[in-house]
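Heads up: the structure comes next, in structure tokens.
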Amino acid sequence: MDWITTVDHKKIAILYLWAGGFFFGIGGLEAILIRIQLIKPMNTFLDAQTFNELITMHGTTMIFLGVMPVIFALMNAVIPLQIGARDVAFPFLNALGFWTFLFGGLLLNLSWVMGGAPDAGWTSYTPLSSTTYSATHGVDFYTIGLQIAGLGTLIGGINFLATIITMRAPGMSYMRMPMFAWTTFITSAIILFAFPAITVGLVLLTFDRILEANFFNPLTGGNPVLWQHIFWIFGHPEVYILILPAFGIISEVIPTFSRKRLFGYSSMVFATILIAFLGFMVWAHHMFTTGLGPVANALFSVSTMLIAVPTGIKIFNWLFTMWGGQVRFTTPNLFAVGFIPTFTMGGVTGVMLASAPADFQFHDTYFVVAHFHYVIVGGLVLGLFSGLHYWWPKMFGRMLSETLGKWTFWTFIIGFHLTFFVQHFLGLMGMQRRVFTYLPNQQFDTLNLVSTIGAGLMGVGMLIFLWNIFITSRKPADAADDPWEDGRTLEWTIPSPPPEYNFKQTPLVRGIDAFWKEKLAGHKSMTPSEPVGSIHMPSATILPFLMSVGIFIAGLGFMFSRDTFGSDVLSFLFNNYIVTALGLVITFGSMLMRSLFDDHGWHIEPEELEGR
Amino acid sequence: MTTVHAEAGKSTLPHEPEKATLEGRNKVLAFWLFLGGEAVLFGTLFATFLALRNSTNDGPSAAELFHLPLVAAATFLLLASSLTSVFAIQAMHRNKPAELRNWLIITVVLGAAFLALEIYEFSVYVRHEEFGMTTSAFSSAFYTLVGFHGAHVAFGILWIAILIGQLARKGLTVVTAPKIYVSAMYWHFIDVVWVFIFTVVYLLGKVG
């Protein structure tokens with residue numbers, strides 16, 4: 001019950017982590033099933049329809065329900081601590097964001113047991129995703145589930161923006177903010193400007209499917225390419241929503257374990273902003289083969305290639321940070337160092353794909369699959385592993401086992417390269433993506449076998465990580481405030497795990513890497529910027545949970561509003577939008593409650609802070 | 001005695017009560033950000049509409065359909081409501097809760113009148129012109145864009161109505177002031193979107 005009503009950012013972080021981890025597991029199992037099907041030519045392990053559903057749900061689940069919530073988990077756990085705040089700007093909205101994400105994800109995955117999962121690919125290209133070609137409710141689960149989950153992401157993004165703008169500790173100017181706070185800031189800005197586009201796209205597709213509108217149906221004047229534009233004007237910035245937080249994590253971990261300040265801090269900041277800006281300019285490189293014409297293709301080629309410049313700046317800054325530093329290869333740093341070459345390879349194939357003429361060859365082959373897995377798994381997932389191992393003691397008060405961590409790293413990264421490196425060659429040899437099997441003796445056989453073995457090894461790495469979490473959770477919570485001993489930022493100045501109010505006294509920030517600066521000056525702790533006083537805390541509330549339940553019910557009601565059921569009662573309830581209305585009443589009723597009954601929160605008094 | 005109390009109450013409310021607390025400042029800031037997101041939302045809907053506005057699929061076209069005097073009347077009502085919400089905020093800054101309430105009520109009434117005209121307009125199209133959601137790509141885009149705006153108006157009416165009730169119960173405080181200020185921002189945003197709809201959908205539909 002405590003967990004359902006919490007508005008504490010640290011607890012919400014843990015909720016995000018478990019929920020995101022759960023969906024990550026589902027997405028991983030889907031990946032393993034896909035790889036088993038492709039282990040040999042003409043395999044009959046899965047049929048074509050199931051394979052379509054698996055690839056669709058693997059992509060959708062991993063992007064929206066797996067890695068994004070884990071990113072949000074780290075942001076929630078770390079950002080208020082790093083900027084010296086007692087909470088986020090809107091604790092209530094923070095909880096609401098989590099619950100809408102969770103219920104959206106649950107709705108999407110209900111499709112497995114309610115008559116067919118979405119099967120039109122994670123991009124849901126029209127007209128493949130129209131009712132003509134995708135007759136089950138699968139794509140409806142996709143549109144409505146993602147809509148609800150996306151709402152949570154947007155809420156989270158606005159919350160982090162407001163938090164970072166208004167709640168930094170005294171002395172923490174923008175150019176003294178830790179890089180992870182910076183990338184969270186920019187990521188949230190991208191979320192704010194990218195997610196409303198997919199909101200509209202999903203609404204249009206929902207209307208096409210449920211209300212028989214004509215947006216994407218060419219027979220009635222609609223335009224399928226319009227879907228691609230809307231999808232990718234969201235979808236390409238989404239790539240940077242995913243990768244920028246990883247950049248932030250790497251920029252925290254590498255300086256800590258090199259005992260050196262991040263090289264080129266201000267160039268890192270501006271590279272981040274530039275990447276975000278360019279990220280909105282390049283969506284059509286996903287659409288070269290739709291025939292946009294040479295001018296558009298050239299412009300989008302060039303702007304896409306430009307992104308390699310700020311990204312290259314970042315890569316070299318990390319290398320220069322390690323250069324001459326006292327590098328310690330702890331588990332977080334192993335993942336961070338492993339990230340650099342792996343992500344760079346993904347970036348290089350990105351430049352190859354950005355060349356429009358070459359893209360006509362690579363399009364829809366395993367080369368593309370290899371490219372984006374190098375970016376998303378080799379970049380983001382390695383970054384998340386690094387961040388999780390790094391901040392685990394701060395989140396839970398327990399150090400993960402270093403030995404098991406190193407086992408996780410080596411099995412995972414070797415498995416990763418085995419799986420995806422060979423897929424570049426499969427793609428260049430012409431193996432198409434999204435096809436459920438292939439003919440023998442096209443030189444695809446051995447490489448696919450290798451790829452599947454690699455996927456199994458990645459699975460083993462994940463299991464070792466889970467085992468590590470399990471045995472760590474049975475140890476006493478005795479991690480030091482600064483367990484890595486070289487912590488540079490504010491989160492390492494307070495106990496692990498932090499008390500509910502984070503900082504007894506808001507610290508005074510005197511430079512970049514505020515804690516390191518104090519350490520250099522010979523201080524053991526931060527100078528406070530205020531006397532010990534009564535701390536205002538928000539009250540726990542069930543309303544965010546109820547609002548999300550309402551939206552969930554309304555979504556299901558809308559989805560089945562045109563169906564005929566065996567029972568007359570059910571048909572009556574759904575066909576007259578009574579279920580939809582009930583859900584909306586729950587949601588708006590909760591909003592009304594929130595509006596009418598003011599909640600002034602409560603205070604922690606100084607005596608309590610001193611432990612008296 | 002009561003006047004003294006009222007005077008004392010007045011002096012405790014700061015000049016810009018919506019920005020007096022951190023929570024209030026956060027609300028105003030986050031609402032600006034939210035409106036940024038809303039701008040992208042409507043931008044995408046406008047782009048969709050522009051892409052599909054000539055795809056009439058043998059159904060009625062914009063030029064045949066639209067009746068400008070009706071739309072002009074609706075526009076006048078909505079623009080006027082934006083002005084009255086400005087008066088409401090000015091009354092709030094002068095710490096005149098009764099005046100504030102009255103201007104908010106007028107705003108809500110004008111908004112409701114706008115909405116009524118829009119519902120009437122849609123019903124005419126559906127019943128007499130056989131122009132429904134499923135008629136053509138143009139009709140789908142029209143109803144979605146204009147309907148989204150209408151839904152925003154409806155939400156705004158409900159929201160401000162609830163705030164009027166809250167004002168009656170709790171009075172004008174540093175807690176209620178940011179909510180009223182933010183709802184006024186929302187209302188102006190809706191108004192600006194309507195100006196674009198009037199131009200891009202109706203005027204361009206008639207003459208373009």
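The values are calculated or read from the model by the stated rules, or taken from the named source; none is laboratory data. Since the model is a prediction, treat every value here as computed from it, not as a measurement. Because the Cβ atoms are built from the backbone with ideal geometry, glycine has one as well, and the counts that use them run over all protein chains shown. The area values use the complete protein model at the heavy-atom level, side chains included, leaving out ligands, DNA and RNA. Shrake-Rupley method; radii C 1.70, N 1.55, O 1.52, S 1.80 Å.
Summary table below
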| read-out | value |
| --- | --- |
| For A:Met537, residues with placed amide H under 5 Å, excluding near neighbours | A:Trp602, A:His603, A:Ile604 |
| Surface share of carbon and sulfur [accessible, 1.4 angstrom probe, percent] for the stretch A:72-223 | 70 |
| Percentage, to the nearest whole number, of Cα pairs in the stretch A:1-131 over 26 Å apart | 35 |
| Cα-based equivalent ellipsoid of chain B: semi-axis lengths in Å, sorted from largest, via gyration tensor | 40, 17, 12 |
| Packing rank of A:472-478, A:309-315, A:367-373, A:523-529, where each peptide gets the mean count of other beta carbons within 10 Å, highest leading | A:367-373, A:309-315, A:523-529, A:472-478 |
| Shielding score for B:133-143, defined as the mean number of other chain Cβ atoms within 10 Å | 6 |
| Alpha-carbon Rg/Rh ratio, for the stretch A:223-378, with Rh computed the Kirkwood way | 1.02 |
| Rounded FRET efficiency, nearest 0.05, which uses the C-beta distance separating B:Thr199 from A:Leu219 and R0 of 41 Å | 0.85 |
| Average beta carbon contacts from partner chains per residue of A:204-210, 10 Å cutoff | 2 |
| Computed log₁₀ I(q)/I(0) - Debye formula, equal Cα scatterers, no solvent, the stretch A:116-243, q 0.14, 0.19, 0.20, 0.22 Å⁻¹ | -0.66, -0.98, -1.06, -1.21 |
| Computed Rg/Rh of the protein assembly as shown, alpha carbon atoms with Kirkwood Rh | 0.97 |
| Phi to ³J(HN,Hα) by Karplus 6.51 cos²θ - 1.76 cosθ + 1.60 over the stretch A:227-240, Hz, x for Gly, Pro | 4, 5, 4, 5, 4, 7, 5, 8, x, 6, x, 4, 4, 7 |
| Whole-Hz couplings from phi, Karplus 6.51/-1.76/1.60, listed for the stretch B:73-80; x for Gly and Pro | 4, 4, 4, 4, 4, 5, 4, 4 |
| Virtual spin-label span in nm between B:Glu64 and B:Leu35, 7 Å along Cα→Cβ | 4.0 |
| Computed P(r) (all Cα pairs; the stretch A:78-145; 5 Å bins; percent) | 4, 16, 18, 15, 11, 9, 8, 9, 7, 3, 1 |
| Residues A:Phe470 and B:Leu50, FRET efficiency given R0 of 51 Å [Cβ-Cβ distance, rounded to 0.05] | 0.40 |
| Relative contact order of chain A, pairs being alpha-carbon contacts under 8 Å that are 6 or more residues apart, as % | 16 |
| Per-peptide average of other Cβ atoms within 10 Å, ordering B:157-163, A:233-239 highest first | A:233-239, B:157-163 |
| Alpha carbon convex hull of the stretch A:319-388, volume per residue in cubic angstrom | 79 |
| Paired Rg and Dmax values of the stretch A:411-528, which use every Cα atom, in angstrom | 24.3, 70 |
| Sum of -39500 (n - 2.57) over DSSP H runs of 4+, divided by residues of chain A (222 nm, nearest 500) | -21500 deg cm²/dmol |
| Estimated buried accessible area (total), pair A and B, 1.4 Å, Å² to nearest 100 | 2800 |
| Simple spin-label estimate for B:Glu16 and A:Thr290 in nanometres, 7 Å along Cα-Cβ | 4.4 |
| Largest to smallest accessible area among B:Glu64, A:Glu212 [probe 1.4 Å] | B:Glu64, A:Glu212 |
| Calculated FRET efficiency for the pair B:Lys170/A:Leu428, C-beta based, R₀ 51 Å, to 0.05 | 0.15 |
| Set of lysines near A:Lys10 by C-alpha distance (under 23 Å), chain-local residues within fewer than 8 positions excluded | A:Lys394, A:Lys475, A:Lys504, B:Lys27 |
| Using alpha carbons only: equivalent-ellipsoid semi-axes of the stretch A:164-314, gyration tensor based, whole Å | 37, 19, 10 |
| Net length gained if the chain between A:Leu592 and A:Lys40 were fully extended (0.36 nm per residue, minus Cα distance) | 192.9 nm |
| For the stretch A:495-501, Karplus couplings with θ = phi - 60° (6.51, -1.76, 1.60), whole Hz, Gly/Pro x | x, 10, x, x, x, 4, 9 |
| Amide H contacts under 5 Å for A:Thr365, placed H, 5+ residues apart | A:Arg433 |
| Accessible surface, per residue, of the stretch A:413-543 when the full set of protein chains is kept, probe 1.4 Å, Å² | 48 |
| Anchor A:Lys260: lysines whose Cα lies under 20 Å away (excluding residues fewer than 8 positions away in-chain) | A:Lys314, A:Lys517, A:Lys519, A:Lys524 |
| Inter-chain shielding of B:34-40 (mean C-beta neighbours from other protein chains, 10 Å cut-off) | 5 |
| Alpha carbon Rg of the stretch A:463-514, scaled by the compact-globule rule 2.2 N^0.38 Å | 1.46 |
| Contact order normalised by residue count of chain B, Cα under 8 Å, 6+ apart, percent | 35 |
| Cα-projected label distance for A:His603 with B:Glu130, points at 7 Å along beta-carbon direction, nm | 7.2 |
| For the stretch A:175-330, with +1 on Lys and Arg beta carbons and -1 on Asp and Glu, the positive-most of A:Phe185, A:Thr220, A:Leu292 along the dipole | A:Phe185 |
| Protection-proxy order for peptides A:430-439, A:444-453, B:182-191, each taking the mean of Cβ atoms within 10 Å per residue, highest first | B:182-191, A:444-453, A:430-439 |
